[in-house]
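S.K.: Sharing a structure below in structure tokens format, with a few things to ask.
Every number in this text was worked out from the coordinates using simple rules, so none of it is lab data. Fair warning: this is a prediction, and the values are worked out from it, not measured in the lab. Cβ sites come from the backbone with ideal geometry, for glycine too, and all protein chains shown count toward neighbours.
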Amino acid sequence: MDKQLSHTEIEKQAAAREAVKFIKDNDVVGLGTGSTAFFAIQEVALLVKNGLKIKCVPTSEHTLSLATSLGIGMLDMSEVTAIDVTIDGADEFDAELNLIKGGGGALFREKIVASMTKKEIIIADSGKKVDRLGKFKVPVEVLPLALNYVLQQLRGLQGTGKVRMDGTAPFITDNHNLIVDTDFGLITDAAGLSEQLNQVEGVVAHGLFVNLTAMVIMGKGSETIVYGPK
């Protein structure tokens, strides 16, 4: 079955298999969203099937549905005050473990879960490592009534934003908001830009994750490389 996976998928799977080694019995585990987190959810399901006792917190409705279908016991985010380990993906990461996330549209819940997590583990294929963030546009989740104001503020921050579409209609998040994918060019100060975006009224969350990641496990072929403390 593994032979049918693409090169990128093999790297994602290798990273996922390494990441789940950090999960212990009775942990509360955060489950990410997206094509990379999909492999982690599958690996977690295997551990549960083999007797590991954990409860998991989803970062999206899609993740909740998938994990439940695989027999993983779930908790609502409102039921927990702390999460032991979260395994999630990223659209880009740099050597300082700054991330761009939100390509799957779950950035707000992903950021809340990351903020509650003692050990946030990001898994990625080798194509996600960059010298400087910004080739991937920064997703910004926006209250619909504030859209025009937020677009104006993003322009003031030298960002060019476009509302994410789902076919001919705007993409709607699990929280019933819009996403503005914003091009800031290559980002020289991720922490500074993150703070500026935090100050914009109407922005629910943005896809710059700064000082939230304990480690990145990157697949490289069928091997893995760990960035951050082991």
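S.K.: Out of Ala146, Ala16, Ala214, any idea which swings most in a Gaussian network model of the chain, alpha carbons joined below 10 Å?
M.R.: Ala146
S.K.: For the peptides 161-167, 86-92, what is the packing order when you average, over each peptide's residues, the other Cβ atoms within 10 Å and list the highest mean first? Walk me through the numbers before you get to the answer.
M.R.: Numbers: 161-167: 13.9, 86-92: 27.1.
Packing proxy ranking, top to bottom: 86-92, 161-167.
S.K.: Roughly how many nanometres apart are two label points built 7 Å out from the Cα toward the Cβ at His176 and Asp76?
M.R.: 1.6
S.K.: State, to one decimal in nm, how far the label point of Lys53 lies from the label point of Lys118, with both points 7 Å from Cα in the Cβ direction.
M.R.: 1.7
S.K.: Still on this structure: May I have the extent of the alpha carbons of the stretch 138-205 along their three principal axes, as whole Å values ordered from largest to smallest?
M.R.: 33, 21, 20
S.K.: Working out 0.36 nm times the residue gap between Asp25 and Lys220, then minus their Cα-Cα distance, what length gain in nm do you get to one decimal? Walk me through the intermediate numbers first.
M.R.: Details: separation 195, 0.36 × 195 = 70.20 nm, distance 2.86 nm.
Residue separation times 0.36 nm, minus the Cα-Cα distance, leaves 67.3 nm.
S.K.: Further, regarding this structure: Using Cα atoms only, what is the angle between the long axis of helix 107-116 and the major principal axis of the chain, expressed in degrees (0 to 90) to the nearest 10?
M.R.: Between the helix axis and the principal axis of the chain, the angle is about 60 degrees.
S.K.: Over 31 Å between Cα atoms: which of Lys119/Lys220; Lys12/Lys53; Lys49/Lys129; Lys24/Lys135; Lys24/Lys220 fall into that group? Mind dumping the intermediate values first?
M.R.: Values: Lys119/Lys220 22 Å; Lys12/Lys53 24 Å; Lys49/Lys129 33 Å; Lys24/Lys135 36 Å; Lys24/Lys220 25 Å.
Beyond 31 Å: Lys49/Lys129; Lys24/Lys135.
S.K.: Here is a further query. Would you mind computing the Rg to Rh ratio of the stretch 35-82 from its alpha-carbon coordinates, Kirkwood style for Rh?
M.R.: Details: Rg = 10.4 Å, Rh = 11.0 Å.
Across the stretch 35-82, the Cα-based Rg/Rh ratio is 0.95.
S.K.: What is the order of Tyr227, Tyr149, fewest Cβ neighbours within 10 Å to most? Please report the intermediate quantities before stating the final value.
M.R.: Values: Tyr227 18, Tyr149 15.
Least to most surrounded, the residues fall as Tyr149, Tyr227.
S.K.: Quick one: Cα convex hull volume of the stretch 1-158, Å³ per residue?
M.R.: Working: hull volume 21.0 nm³, N = 158.
Hull volume normalised by residue count: 133 Å³.
S.K.: Obtain the nm distance between the two label points defined at Leu145 and Thr160 by a simple spin-label model: each point lies 7 Å from its Cα along the Cα-to-C-beta direction.
M.R.: For Leu145 paired with Thr160, the spin-label model returns 3.2 nm.
S.K.: Pull up all non-local amide H partners of Met74: gap of 5 or more, or a different chain, and H-to-H distance under 5 Å with H placed in the peptide plane.
M.R.: Cys56
S.K.: At a 10 Å Cβ-Cβ cut-off, how would you order Leu52, Leu193, fewest neighbours first? The partial results should precede the final answer.
M.R.: On the way: Leu52 18, Leu193 21.
Ordered by Cβ neighbours within 10 Å, fewest first: Leu52, Leu193.
S.K.: How many percent of the alpha carbon pairs in the stretch 67-207 exceed a separation of 17 Å?
M.R.: Values: 6184 of 9870 pairs.
Tail fraction, whole percent: 63.
S.K.: Enter the Cα centre distance for the pair the stretch 4-56 and the stretch 78-136, rounded to the nearest angstrom.
M.R.: Cα centres, the stretch 4-56 to the stretch 78-136: 15 Å.
S.K.: Counting other beta carbons within 10 Å of each Cβ, put His176, His62, His7 in order, fewest first. Intermediate values should be presented prior to the final figure.
M.R.: Working: His176 8, His62 17, His7 12.
The fewest-first ordering by Cβ neighbours comes to His176, His7, His62.
S.K.: Okay, moving on. Mind checking the angle between helix 7-19 and the chain's longest principal axis? C-alpha axes, 0 to 90 degrees, to the nearest 10.
M.R.: 70
S.K.: Using only helices, what value at 222 nm comes out for the chain when you add -39,500 (n - 2.57) per DSSP H run of length 4 or more and divide by the total residues, to the nearest 500 deg cm²/dmol?
M.R.: -8500 deg cm²/dmol
S.K.: Got a sec to turn the phi values of the stretch 216-223 into Karplus ³J(HN,Hα) couplings, 6.51 cos²θ - 1.76 cosθ + 1.60 with θ = phi - 60°, whole Hz, x for Gly and Pro?
M.R.: Running phi through 6.51 cos²θ - 1.76 cosθ + 1.60 with θ = phi - 60° gives 10, 10, 10, x, 9, x, 9, 9 Hz.
S.K.: Taking the chain as the reference, fit the longest principal axis to its C-alpha atoms, fit the long axis of helix 35-49 to the helix C-alpha atoms, and give the angle between the two in degrees, 0 to 90, nearest 10.
M.R.: 30
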